[in-house]
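The values are calculated or read from the model by the stated rules, or taken from the named source; none is laboratory data. Keep in mind the model is a prediction, meaning the values are calculated, not measured. Note: ideal-geometry Cβ built from the backbone for every residue, glycine included; neighbour counts use all protein chains shown.
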């Protein structure tokens, strides 16, 4: 009976060792997979960060250009309005009043 118990004990030990080895292999494979995934995500984040920085610089440059153009437009508009003289060149002159005026002449004038 002790021989059987001894064999059962050895069998249990070998099963535990096999379970531990199996669990360790599973953990190692998962760790490796997660490490690879983490490395890929870090690379993607670095790429996105670089792209964001390039876009931010481009937008900043464009904003500066547009602010300069806006300042020039405001300056030109301010000078243009103050120096613009109103002209009466194309204003029609009414005919001289000769006691009667027809409604057609008034409508045509307006």
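List pairs: first in the range 8-21 and surrounded by 10 or more Cβ atoms within 10 Å (Cβ to Cβ), second modelled with pLDDT of 75 or more, Cβ under 9 Å, 6+ apart or cross-chain?
none
Residues of the range 66-86 being modelled with pLDDT under 75 and either surrounded by 10 or more Cβ atoms within 10 Å (Cβ to Cβ) or in a helix (DSSP H, G or I) (or both), which ones?
80, 81, 82, 83
Got a sec? Which of 89, 10, 95 is over 58 Å from the mean Cα position of the chain (by Cα), part of a loop (DSSP other than H, G, I, E, B) and at pLDDT below 90?
Values: 89 fails: over 58 Å from the mean Cα position of the chain (by Cα); 10 fails: part of a loop (DSSP other than H, G, I, E, B).
Only one candidate qualifies: 95.
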